[in-house]
Structure formats: C-alpha cells, structure tokens
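Chemist: Take this structure, written in structure tokens, and hold onto it; I'll ask about it next.
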C-alpha cells in the first residue's frame, strides 16, 4: 500500500487533500502533518512514497521541507508535490530547483489535482 | 515610516476582483456569487488577513458571513454543513484569504516576487467595517467581501 504524507497548516486543506487522494483509486494510507517540521520527523519515521505539501506554513515552510527531504539519504528520491497559492514570478522554478517534483497553484479543482497526482504517482512507478 | 492607502487606480479594479474571486469561489467551493461593490456584510461574520511584501507591501483582508463559510466548507469537503466545526470555519476563511491574496497580488503586479505571510484571524471589532469589494448570494445581501491595501514607504 502506498504511503502519502499530506502537509498543510489548514485542517480543511488536509482533509480535502486526503479525500482527493482517496479518489485516485490507488490503495494508499495517508499521513497528515501540520507543518514542515512535523512532516520531516514523520517522513524520517514512515518513509512515505509521496509528499504533498503546502508552501507557506509556520514552524517550517514547504521550501525548507523540500530541501531537508532532498538532503536526507533515505528520502532524497521521494516525489514531493508543492501545492501553493503563491504565483510569484519564478516561484515554481525555485521550488523545482530546490528539488520539488511538481508545483501546483491554488485554486485547484479536485479533478485537476487528481490528474496531476496520478501523473506523479505513475511517473514514479 | 509608512502610510497605508486604499488601492484604487493602480490596483485591482472591480472587474479584476470580480473575475479573480469568482474563479476562486467556483474552483474551490462550487459557489457562484454576484459582485455587488462596497458594503457591509450580513452578520455575524468571520475574517482573516494575509500580508505581502515585495516591491510594494500590503495586506488583503477577507470577511464572510459565518453561515456562508459553513456552507462553503461543507461543499469543499463534501460533508454536511452540520458536521462543520469551528476550527473548520476558521481554516476556511484563512485559506480563502490566502488564495485571494496570492491571486490578487500576482494579477496586479505580474512578474514580481513576493513573500506572503501565514493567514491570521481578524478580531471581531475589525469586522464591522464596510468592505470595498463584496459578493452576494441569491438573496442580494453582501455575504463575503475583501479589502486590498498597499503600504507605500514614504
């Protein structure tokens, strides 16, 4: 069973993302973290197959989480999708350069999110 | 030292706000409100703000009628409105402020790099004021609105 780590400081977004993941038709267990710091310790412990993270969070941001994951030998090949409302110029490129697998901007419909998730998941497998 | 000014000519027009916010409401919440200009929202309301900093700095404040926020949350999560908790209401209005601010700033100042704050709740006392851009539902009463302010260094 695939393990997916969802990282967002919003409980509503965590629930939404977990439900959307459940609609992919792929058997998976979804772990949830409230910020990058909590996510990193959970990632080290559970070694997820995919990380789906927000960017702008307290404690540790999505940028820093991506860099920490890429710097960890056990996690460095884990796909990381960043989902953020931030459309600043160059932000997607910054995150991809830091090691993110994909960058998606909000607002995003469940259909678009599901399609992109499947692309990344299938790309990995 | 800085001064706060309401955004007018160089920032979001009513048309731009209407276009961007309707896109946000429809994509996230399947909600299609009508733009109704400035006004005071139907009470009680809840609100959140997001600050941004870059070539210019400022803040976007969003407020919404609590009954509407409950319904938006329910529609977003695919649950019954009765199942929506207080924490959900707070999270929904913060997320709405976050998405609205990022969309608005990038549309007004494309090609620029900005830092956005984590959304924060607005105190009750600050939610009684008129908002510059409001949206109404079927009843015609303003249900959700926003203010967009720039802070120019003097």
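No lab work stands behind these numbers, since they all come straight from the coordinates. Everything numeric here is computed off the predicted structure, so don't read it as measured data. Cβ: placed from backbone, ideal geometry, glycine included. Neighbour counts: every protein chain shown.
Chemist: Need the failing condition index for residue B:139 against (1) more than 9 Å from chain A (Cβ to nearest Cβ); (2) within 15 Å of the chain's Cα centre (by Cα), just the number.
Modeler: If we test residue B:139 against (1) more than 9 Å from chain A (Cβ to nearest Cβ); (2) within 15 Å of the chain's Cα centre (by Cα), just (2) comes out false.
Chemist: When the residues of the range B:104-115 are filtered to those that are within 7 Å of chain A (Cβ to nearest Cβ) and buried (at least 19 other Cβ atoms within 10 Å of the Cβ), which remaining residue is farthest from residue B:75 (Cα to Cα)?
Modeler: Per the stated criteria, the residue is B:114.
Chemist: I've got another one for you. Residue B:131 is checked against (1) surrounded by fewer than 18 Cβ atoms within 10 Å (Cβ to Cβ); (2) closer than 23 Å to residue B:36 by Cβ; (3) more than 10 Å from chain A (Cβ to nearest Cβ) and fails just one. What number does that condition carry?
Modeler: (1)
Chemist: Still on this structure, I have one more. Going by what's in this entry, would residue B:50 be described as within 13 Å of the chain's Cα centre (by Cα) and either away from chain A (no Cβ under 14 Å) or in contact (Cβ under 8 Å) with a residue 12 or more places away in the chain (or both)?
Modeler: For residue B:50, the condition - within 13 Å of the chain's Cα centre (by Cα) and either away from chain A (no Cβ under 14 Å) or in contact (Cβ under 8 Å) with a residue 12 or more places away in the chain (or both) - is met.
Chemist: Sort out which residues of the range B:71-83 are crowded, with 20+ Cβ neighbours inside 10 Å and more than 9 Å from every other protein chain (Cβ to nearest Cβ), and write them in order of number.
Modeler: Residue satisfying the conditions is B:72 alone.
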